[in-house]
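Trainee: Structure below; questions to follow.
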Amino acid sequence: MTDLPRSLAERLIRTAREGAPAEVCGVVGLQGGRIVRLDPVRNAASTPRVRFTFDDDGYRRVMEVEREGLEVGIFHSHPASPAYPSATDRAEMSATWPDCLQLMVSLRQDDTAGPEVYAYRIDRAGAVTPEDLRLVED
């Protein structure tokens, strides 16, 4: 179970909306099963509408999170597809960030049902395990 404070959920959704139609991405810091830090970074992918990669600042943020003794997680958005890891996400995350929390937001139903926010862990083999995500007050 991972707790997501309401203010950070709102920030995540706002960041995804502001970055659309490109995917947005960033670093998550967790402490004791609670997300305590969410740092958007620039998507440096050559095709940002369909994939993401961190710029140099993103990797510096990862190191900051680690220095603070927090568990590192990653977030990114899917502007037009479900909040579920794509084949590209599974291949890249299993190689670079295996087993870390993957927080995802989808805007595909934003006009009707609202954004979707889910969390997953992807192992080295690319298997996806859903992570229970609970919205909590700050």
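Every read-out reported here was derived from the displayed coordinates using simple, explicitly stated rules and does not represent laboratory data. Since this is a predicted model, take the numbers as computed values, not measurements. Every residue, glycine as well, gets a Cβ built from its backbone with ideal geometry; the counts of neighbours run over all protein chains shown.
Trainee: Using alpha carbon centroids, what distance separates the stretch 66-123 and the stretch 13-62, in Å?
Mentor: First find each Cα centre; the distance between them is then 10 Å.
Trainee: Right, here's the next one. Label Arg14 and Met1 with points 7 Å out from Cα along Cα→Cβ: what is the distance between them in nm?
Mentor: So the label points at Arg14 and Met1 sit 2.8 nm apart.
Trainee: Arg60 versus Ser46, label points 7 Å from Cα toward the beta carbon: distance in nm?
Mentor: With each label placed 7 Å out from Cα toward Cβ, I get 2.5 nm.
Trainee: Of all DSSP beta bridges in the stretch 2-136, what percent run antiparallel (nearest 5)?
Mentor: On the way: 24 of 35 bridges.
Here the share of antiparallel DSSP bridges comes out near 70 percent.
Trainee: Moving on to the next point. Can you tell me how the chain classifies by the Cα gyration tensor, rounded, prolate or oblate, using a/c under 1.5 as the rounded cut? Write out the running numbers ahead of the final one.
Mentor: Working: a/c = 1.25, a/b = 1.07, b/c = 1.16.
Here the chain falls in the rounded category.
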